[in-house]
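See below for the structure under consideration.
Each value in this text was obtained by applying a stated rule to the coordinates, not by laboratory testing. Predicted, not measured: the structure shown is a model, and the values here were computed from it. Glycine gets a Cβ as well: all are built from the backbone with ideal geometry, and neighbour counts include every protein chain shown.
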Amino acid sequence: MPALVTARLRLVPISLPAIEAVLDHDKARAEAVVGAAFPDSWPNDDLVALGFPFSRDALREQPDVRLWGDSLVLLKDEPRVVGSVVFHGLPKDGIAEVAYSIEESSRCNGFAVEATQACVEWALGQPGISAVQATTFPWHFASLGVIRRLGMLHVGTRDHDTLGELLVFERRSGSAFERP
């Protein structure tokens, strides 16, 4: 994935050296690799578990597949990481699944929508990608707001092993983005 730039953000591809520093919980090394300050609470176990479900060996064997489309969200005019947008690896079936996170002190600024919109549009422009999906829980109102502002439509449900029902939303290739 190339670096993407939006009105207020820079989306920097997550490299193997950067993710290894995060997996090692080595904030100084991660910041040096990325060239930006990480949030005070990053890296942590929750970030790693949610954003990078692959083993270190799997990441090393196929970084282009495992880190496909993954990016850190930085402020455009300040070298500071405010979040991330990740896909669940290079899709085999043409449907990419996106997830996003904005660190707590940077929330409620529209960064999740701005960053995820850029990544979704990038993904839909890639060969073989017909759709991008996002999942969230029915009670996660902030995430539902982001998904709806991305122009995604509810297409079904999925069960989560421990937390119950997940709602599945999708945006197909060729569907125009219209801000609600």
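Remarks
- Looking at the stretch 73-180, the trypsin sites (Lys or Arg not before Pro) that sit in a DSSP loop and have at most 15 other Cβ atoms within 10 Å of their own Cβ are K76, K92, R107.
- In the stretch 1-88, GluC sites (Glu not before Pro) in a DSSP loop with at most 16 other beta-carbon atoms within 10 Å: none
- Each of (i) 41, 35, 34; (ii) 58, 39, 26; (iii) 75, 38, 30 is a candidate for Cα extents along the principal axes in Å; the one calculated from this structure is (i).
- The stretch 102-119 - phi-based ³J(HN,Hα) in whole Hz, Karplus 6.51/-1.76/1.60, Gly and Pro as x: 10, 5, 3, 6, 10, 6, 6, 10, x, 5, 4, 5, 4, 6, 5, 4, 4, 6
- Gap separating the Cα centres of the stretch 39-70 and the stretch 96-145, nearest whole Å: 17 Å
- Residues within the reach of a label modelled at R172 (point 7 angstrom out along Cα to beta-carbon, backbone nitrogen below 14 Å), restricted to the stretch 80-111, are 95.
- Every Cα-Cα pair of the stretch 103-180 was included, and the share exceeding 18 Å stands at 44 percent.
- By other beta-carbon atoms within 10 Å, ranking V85, V146 with the fewest at the front produces V146, V85.
- Local electrostatic count at L166 - Lys and Arg +1, Asp and Glu -1, tallied over other residues with Cβ under 9 Å: -1
- Unit charges on C-beta of K, R, D, E only; dipole of the chain, Debye: 580 debye
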